[in-house]
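Every number in this text was worked out from the coordinates using simple rules, so none of it is lab data. All values derive from a computational prediction rather than experimental measurement. Reconstructed Cβ throughout: ideal geometry from the backbone, glycine too, with neighbour counts over all protein chains shown.
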Amino acid sequence: MNVSIKNLVKCYGEVRALNDLSLEIADGELFFLLGPSGCGKSTLLRCIGGFEKPTSGQILFDGKDVSALPPSDRNTAMVFQGYALWPHMTVEENVAFGLEMRKIPKEERDRRVMAALKGVQIETLGKRKPNELSGGQQQRVALARTLVVEPGCLLLDEPLANLDAKLRRDMRQEIRSLCKDNGLTGIYVTHDRQEALSMADRIAVLKDGVIQQIGSPQELYRHPVSAFIASFIGETNFVKGTVRGETDGMTQIETADGMLMAAQTGQTTGANVLISIRPEALGYAKGDEMNQLAGRITKSDYMGEIADHWAKTASGAELGFFELNPQRDLPEGTAVKLTVKPEDVVIVRED
């Protein structure tokens, strides 16, 4: 199912939760809505599912305007954060509930329920009640209940929020596989960047009811357009500088701690810019590499396979950097010389 959102506005009184929002979600795509609390991502999901009525704008499924249709007529199914299982029903009865509402014959209903339970690997738990299941098993029941009605679009509202860290990791790829194996268009709301980066085909990052950037996980992480995107999608260092020109397809940026080359062009000479440099992009300089930054260690956190270091430059800038497989201690005050590749020096818009 292709989902089109056109100029969607949702107001609560004078507050605009969604502000003239438009996007296209392709058939079979696992699309994430990512952003901080209050950014409008859950409101958008509820509008798509028919649980909220837009103030204006259109929602189209395969070109058909469904903006005024109730949830039952939209060929969608929703997985809620709280699972919403009936406690007095067995697993099988919970999964079959939607089919009963659609008046599916019992023989067909039983076949589809068992297929759905097998699909989420809980076919042996059909006679249990929800309170006899673990959190991960309850989540699988909620997924089976949505899959059994064979929706064209699966809506997921922070479905892993109530699980512990290990279960969340385990369930990520299972949910992705379920969507892909069943040919579902999935729209997934989360504020967890790791969920989005590890699962999504594409991600829309929202802030104040407005889409800030849409792209693949790699595009958003490596090429954020703004300081907000860069810091929300992962850890980063910000460095201010002034454009001094272009050479060999790169931009020369003068900073308080030396000249940096960025693998971006199109900047105005003399313009003040903000640079984002990811901690993992900084490494120890071994010779005369370009883009060197000198500093002294202010803090180190050793965590076995990785160490987090912070170094202060001569200008007073604080740079965080990671070291994989650390072999030595770096006491406070240790002098370090760091380097970064031009493709990892990313010019971003200040918010």
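Odds and ends about this structure:
- Note on the chain: GNM, Cα springs under 10 Å; of Arg296, Arg145, Arg222, the largest mean-square fluctuation is that of Arg296.
- Considering only alpha-carbon pairs that sit under 8 angstrom and 6 or more positions apart, the relative contact order computed for region 3-230 is 28 percent.
- Put a plus charge on the Cβ of each Lys and Arg, a minus charge on the Cβ of each Asp and Glu, and nothing anywhere else: the dipole of region 107-214 about its Cα centre is then about 200 debye.
- Dipole magnitude for region 3-230: computed about the Cα centre from +1 point charges on Lys and Arg Cβ and -1 point charges on Asp and Glu Cβ, it is near 260 debye.
- For a paramagnetic label modelled on Lys166 (point 7 Å from Cα along Cα→Cβ), amide N atoms under 15 Å away belong, within region 132-159, to 134-137.
- For the chain: Kirkwood Rh in Å [reciprocal of mean 1/r, alpha carbons]: 22.9
- With the gyration tensor restricted to C-alpha atoms of region 80-191, the semi-axes of the equivalent ellipsoid amount to 21, 17, 12 Å, longest first.
- Loop-resident trypsin sites (Lys or Arg not before Pro) (DSSP state other than H, G, I, E or B) in region 224-293 with no more than 13 further Cβ atoms inside 10 Å of their Cβ: Lys286.
- The orientation-averaged shadow of the Cα convex hull for region 214-321, equal to a quarter of the hull surface, comes to 8.1 nm².
- Put the Cα centre of region 78-109 next to the Cα centre of region 35-74 and the gap is 23 Å.
- When Leu34, Leu206, Leu324, Leu23 are arranged by Cβ crowding within 10 Å, least crowded first, meaning fewest neighbours, the order is Leu324, Leu23, Leu206, Leu34.
- Within the chain, DSSP assigns beta bridges of which about 75% are antiparallel (rounded to the nearest 5).
- Partner aspartates and glutamates for Lys166 [C-alpha distance under 17 Å; skip if fewer than 8 residues away on the same chain]: Glu158, Glu174, Asp192, Glu195
- Normalising the average separation of contacting C-alpha pairs (under 8 angstrom, six or more residues apart) by the number of residues puts the relative contact order of region 61-185 at 37 percent.
- Part-to-part distance (alpha-carbon centres) for region 128-152 and region 203-237, which is given in Å: 32
- Lys, Arg +1 and Asp, Glu -1 on Cβ, resulting dipole of region 231-302 about Cα centre, debye, nearest 20: 200
- Between Glu14 and Lys240, residue separation times 0.36 nm minus the direct Cα-Cα distance comes to 77.6 nm.
- Net lengthening on full extension, Asn75/Ala263 (0.36 nm per residue, minus Cα-Cα): 63.1 nm
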